[in-house]
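The values are calculated or read from the model by the stated rules, or taken from the named source; none is laboratory data. Only a predicted model underlies this, so the values are computations on that prediction, with no experimental measurement involved. Side chains are part of the model used for accessible areas, which takes the heavy atoms of the whole protein and leaves out ligands, DNA and RNA. Shrake-Rupley method; radii C 1.70, N 1.55, O 1.52, S 1.80 Å.
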Amino acid sequence: MKTKIIVLALALLAGLGARYMVQENETVEANVELGQLKSGDQNINLFDNADDRLRVVYFGYTHCPDVCPTSLAILSAALKSLPEDTLTNVRPLFVTLDPKRDDAEAAKEYAGYFHPMIEGASGSEQEIAALARKYGVLYQITELENSAMEYAVDHSSYFYFLQPDGTLVEKVPHTLNPNMVSDAIMRLTTATQ
């Protein structure tokens, strides 16, 4: 009987603890205004109906050894292949998943290495986590023993195509073919004109 009471008490405490964690997380997320990020020294709003361009968003980080530079090079090649009238209808963005190391200036500078149109953006850890959750971006910090980098950010790799209000209209998985990205841009910008 004594064991049952202890088990029930522990279960009750665990349930109350879980409820507190969920409520705390909801409070943090409620205080985070999605899409409010920084690029360099400027505040940017990812969701802005006054700017009717199609958003092409890539989530990554500047210390990424392979996937991010490859994906941003693919995005750059796709942008270079587009006609000028289509380019004016596109807003490409690189959003860091590592705001601890990538401040707004670092994200902007990194994105600019690939193409002058790609905006780099950062925010607080809570802002980035909330934005990643909204689009189903999977990522986790992995400690790297005996490495100067200290940790890596393992993450999913997609190009997210968003309407100005933030509605996801399509996502293209990591690819080595820039035509997959440029074809999606052409199709989606033509559909909205």
The range 48-193 - percent of accessible surface contributed by carbon and sulfur, probe 1.4 Å: 51
Partners for Lys171 among aspartates and glutamates (Cα-Cα distance below 13 Å; same-chain residues under 8 apart left out): Asp183
Under 15 Å from the Cα of Lys108 - aspartates and glutamates, other chains or at least 8 residues apart: Asp41, Asp98, Glu119
